[in-house]
Amino acid sequence: MPVHRLLLVGGAAVALLTACGDDDGENAAVVTTVTTAPAATATGSTGAQSSSVTGSTMGSTPDGGSTAGSQPVPNDVCALAKQIDAQEDLPSDAQLQKYKEVAPPEVKDAVDTAADALTSAGDDTVAKWNALGSDDVEAAVLKIDAFEQQKCEIDHSEDAVPPGATKEKDDSAQQVTVTAREYSFDLPADIEAGRTTFTLDNQGQEAHVLVIFKLAEGATLDQAMQSESGEGIETSWSSDIAARGEKEPLTFDLEPGHYGLICFIPDANGQPHFMLGMQKEFTVS
């Protein structure tokens, strides 16, 4: 399960930004998350990706064991996990069903939880992202990530937030609430430097995520997002996905400077939310 692609859980460092042309040939920015990043569009169609897997994979011994852990893992488990991890789309229903069939006991419950939540959403993109933002699916995906990293040598380290940051609330830190709706962010006008917990409060109907960039001196968010290499961005942080009605914290040491924030999750038509208005700049004194 490509957690880093699904969640950005993504956390970690947003990989950043690439430019693409619109219908008139003019440049428009599209974010691809690191991780993770999930593609700008997410589909639930079965058969979008083949679920067949064959052959041995990195980290597996010829007899189906794994060099990364003490318990043997069948080759088809890691082959399927790597297939999903390598693609930019969300897993197809066929892939999710296959994962349920081959999942070993230590992650069977987690795979069932995540797969059932996603497949039950059908072809509804908004429902799929809300499912990914639910607490039980997030916990399941983290467990699957840990299994894949240990047993299949799939590197999910890019999901980690930068050193010193956490996706937990710090009661001793400055508290900043970022309210998300379709399609806007609201946050205080004055934010001071120092240890800060940003809490994404999703009051909309669609899932949202908070990605914060520290911009280089003189750079604007628009300029950074039109740069194919992410030029103009010094550091980035990402919250977990907040399903409708949920809150997600993100804590780090906020330095003076100029910042931007966006949501990259797609709407029902595959349009990233930041292209619909969910982008904002703010200055920290």
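Throughout, read-outs are computed from the coordinates displayed, never taken from laboratory work. From a predicted model like this one, the values you see are computed outputs, not experimental measurements. Don't worry about glycine lacking a Cβ; one is built from the backbone with ideal geometry, like all the others, and counts go over all protein chains shown.
So the values come out like this:
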| item | result |
| --- | --- |
| Selection from 278, 230, 261 lying farthest towards where the dipole of segment 205-285 points positive, charges on Cβ | 278 |
| In nm, spacing of pseudo-spin labels at residue 284 and residue 87 (7 Å Cα→C-beta vector) | 3.8 nm |
| Nearby aspartates and glutamates by direct alpha-carbon distance to residue 98 (threshold 16 angstrom, same-chain neighbours under 8 apart not counted) | 76, 85, 109, 112, 116, 148 |
| Residue-count net charge about residue 213 - beta-carbon cut-off 13 Å; Lys, Arg +1, Asp, Glu -1 | -3 |
| Overall form of segment 161-284 per C-alpha gyration tensor (a/c, 1.5; a/b vs b/c) | oblate |
| Ascending count of other beta-carbon atoms within 10 Å, so fewest first, for 181, 195 | 195, 181 |
| 217, 281 arranged by Cβ crowding within 10 Å, fewest neighbours leading | 217, 281 |
| DSSP bridge pairs, segment 161-284: antiparallel proportion in percent, nearest 5 | 80 percent |
| Dipole magnitude of segment 161-284 about its Cα centre (Cβ charges: Lys, Arg +1; Asp, Glu -1), debye to nearest 20 | 220 debye |
| Taking 275, 225 and counting other C-beta atoms within 10 Å, the order from fewest to most | 275, 225 |
| Ranked by how many other beta carbons lie within 10 Å on average, peptides 112-122, 240-250 from highest | 240-250, 112-122 |
| Segment 92-158 and segment 170-225: distance between their alpha carbon centers, rounded to Å | 28 Å |
